[in-house]
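The block underneath contains the structure these notes are about, expressed in structure tokens.
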Amino acid sequence: MGTIGKKIVGLDVEELIEMLNKALADEWLAVYQYWVGSKIVKGPMRPQVEVELKEHQGEELEHANMLADRIVQLGGDPIVDFNDIAKQSGCGYEVPNDPHVKNILKQNIKGEQCAIETYHKILEKVKLGNDPITFNMIRKIMEDEVEHEEDLQAIQEDIEMIK
Ligand code: FE
Ligand code: FE
Ligand code: MG
């Protein structure tokens with residue numbers, strides 16, 4: 001923990017750490033959602049969908065990394081008990097009981113939409129100036145989530161066009 005680096009944050013640091021840990025839990029579940037989806041998905045455009053899911057999986061893991069590093073910088077601990085991942089997650093996990101590509105896409109789109117809303121709320125709390133470092137990090141993550149939603153919805157549209 002950097003003493004002055006933590007002191008300049010114009011927010012309740014404990015509350016911020018809790019918020020970032022909740023987002024970290026969401027990211028880990030997103031990693032698993034994409035990972036397992038890429039393994040079981042079946043249906044039209046399977047190869048392209050697999051590639052996209054795997055790519056997003058890697059990006060969600062990178063988000064988890066960024067969040068964990070910032071939590072440590074702020075003097076906190078990233079969630080250490082794996083059981084707390086599901087408990088603390090805000091966006092949750094959708095069990096992919098149906099491996100059809102349409103269902104896998106639907107579930108992941110729902111996750112992305114929840115992520116966008118979650119990060120939007122965090123950005124509101126971390127308004128520029130109060131904590132520009134967290135602000136910039138969340139803005140970067142949010143850019144990826146907006147891209148993820150669009151990527152998946154574009155595939156969904158293409159699949160709908162198959163006659
Ligand atoms: Fe993410
Ligand atoms: Fe995402
Ligand atoms: Mg993509």
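If the condition is being hydrophobic (A, V, I, L, M, F, W, C) and more than 14 Å from ligand 2 (Cβ to nearest atom), then the stretch 27-65 contributes Val36, Ile40, Val41, Met45, Val49, Val51.
Screening Leu20, Leu67 for residues that are within 12 Å of ligand 1 (Cβ to nearest atom), buried (at least 21 other Cβ atoms within 10 Å of the Cβ), over 26 Å from Asn97 (Cβ atoms) and in contact (Cβ under 8 Å) with a residue 40 or more places away in the chain leaves exactly one candidate, Leu67.
Which pairs have Cβ atoms under 7 Å, sit 6 or more apart or on different chains, and link a residue in the stretch 39-55 that is free of Cβ contacts under 8 Å to residues at least 40 places away in the same chain and under 14 Å from Pro96 (Cβ atoms) to one that is hydrophobic (A, V, I, L, M, F, W, C) and not in a helix (DSSP H, G or I)? These pairs meet every condition: Glu50/Val41.
Of all residues in the stretch 79-93 being away from ligand 1 (no atom under 15 Å from the Cβ) and surrounded by 16 or more Cβ atoms within 10 Å (Cβ to Cβ), which is farthest from Pro44 (Cα to Cα)? By that ranking, first place goes to Ile79.
Just one of the listed residues (Ile104, Ile141, Ile116) is within 16 Å of ligand 3 (Cβ to nearest atom), under 18 Å from Val41 (Cα atoms) and either touching a helix residue (DSSP H, G or I) at 6+ places or on another chain (Cβ under 6 Å) or in a helix (DSSP H, G or I) (or both), and it is Ile104. Under the condition of being among the polar types (S, T, N, Q) and within 16 Å of ligand 2 (Cβ to nearest atom), which residue from the stretch 95-137 is surrounded by the fewest Cβ atoms within 10 Å (Cβ to Cβ)? This residue is Gln113.
Among residues that are within 13 Å of ligand 1 (Cβ to nearest atom), modelled with pLDDT of 95 or more, of a type in the set (Asp, Glu) and in a helix (DSSP H, G or I), Glu157 is not included.
The values are calculated or read from the model by the stated rules, or taken from the named source; none is laboratory data. Worth saying up front: this structure is predicted, and the values here are computed from it rather than measured. In this analysis, Cβ positions are derived from the backbone assuming ideal geometry, glycine residues included, and neighbour counts consider all displayed protein chains.
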